[in-house]
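The structure under discussion appears below in the form of structure tokens.
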Amino acid sequence: MHRFLSCRGPDRVKNSARRAAENEFRRLENEFKKDEEEAEKEQEEIEKKLNEAYSQLKARANELKHTKYALGMNPENLSDGLKDKLKIIEISHPDIYTAYQLKEELRAILRMKSRELAQAELDK
């Protein structure tokens with residue numbers, strides 16, 4: 001190695017080492033920028049998906065807006081508009097509609113005059 005240094009000269013070796021270090025630094029810097037850009041794209045995709053999910057949830061919430069009156073009223077007292085809301089719930093939110101049907105069945109049982117008939121319905 002000593003012969004190599006003496007052949008090339010210390011300044012040339014120093015410049016060569018500096019260029020190699022600069023090249024390695026540029027390579028690492030470019031790699032870092034590329035990774036950073038990929039991370040930003042992934043972040044943008046995640047934010048886009050979150051915004052879409054939020055919009056969907058907000059739309060579902062708006063569908064249910066003002067439906068508590070339809071769900072709480074007796075079916076015979078529902079106006080045409082509330083009946084339409086109940087149909088929307090039946091189609092788009094079957095779990096809520098099932099709960100509504102259970103509420104109506106329980107209401108009917110509680111209004112039964114005969115205790116035996118009510119017991120028979122509850123045992124079903």
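Please list, in order along segment 95-109, the HN-Hα scalar couplings obtained from phi with the Karplus expression 6.51 cos²θ - 1.76 cosθ + 1.60 (θ = phi - 60°), rounded to whole Hz, x for Gly and Pro.
For segment 95-109, the Karplus-derived couplings read 5, 5, 5, 4, 4, 4, 4, 4, 4, 5, 5, 5, 4, 5, 5 Hz, x marking Gly and Pro.
Tell me, rounded to the nearest percent, the portion of alpha carbon pairs in the chain spaced more than 21 Å apart.
In whole percent, the share of Cα-Cα pairs in the chain beyond 21 Å is 70.
What's the exposure ranking of Thr98, Thr67, going from fewest to most Cβ atoms within 10 Å? Mind showing how you got there, number by number?
Values: Thr98 11, Thr67 17.
In increasing order of surrounding Cβ atoms, one gets Thr98, Thr67.
Once the principal axes of the Cα atoms of segment 1-63 are found, what is the range along each, listed largest first in whole angstroms?
Here the Cα extents, ordered largest to smallest, are 84, 15, 7 Å.
Which of the aspartates and glutamates could a cross-linker bridge to Lys124, judged by Cα under 13 Å and excluding same-chain residues fewer than eight apart?
Glu105, Glu116
Quick one: compute the contact order of the chain, relative version, from alpha carbon pairs under 8 angstrom and 6+ residues apart, as a percent. Before the final figure, lay out the partial values.
Details: 24 pairs, mean separation 13.5, N = 124.
Computed over the chain, the figure is 11 percent.
I'd like to know which of Ala21, Ile88, Ile109 lies farthest towards the positive end of the charge dipole of the chain, counting +1 on Cβ of Lys and Arg and -1 on Cβ of Asp and Glu.
Ala21
Over the chain, with a Gaussian network built from C-alpha contacts below 10 Å, which listed residue (Arg26, Arg107, Arg12) shows the highest mean-square fluctuation?
In the Gaussian network model the winner is Arg12.
Show me, for segment 110-121, the HN-Hα J-couplings you get by feeding each phi into the Karplus relation (A = 6.51, B = -1.76, C = 1.60, θ = phi - 60°), rounded to Hz, glycine and proline as x.
Karplus-based 3J(HN,Hα) across segment 110-121 equals 5, 8, 5, 6, 8, 5, 5, 5, 4, 5, 4, 5 Hz.
If you plug each phi of segment 56-67 into the Karplus form 6.51 cos²θ - 1.76 cosθ + 1.60 with θ = phi - 60°, what whole-Hz ³J(HN,Hα) values come out, in order, with x for Gly and Pro?
Result, ordered by residue: 5, 5, 5, 5, 5, 5, 5, 4, 8, 4, 6, 9 Hz.
Throughout, read-outs are computed from the coordinates displayed, never taken from laboratory work. Computed from a prediction, not measured in an experiment: that's the story for all the values here. Every residue, glycine among them, receives a Cβ derived from its backbone with ideal geometry; neighbour counts consider all protein chains shown.
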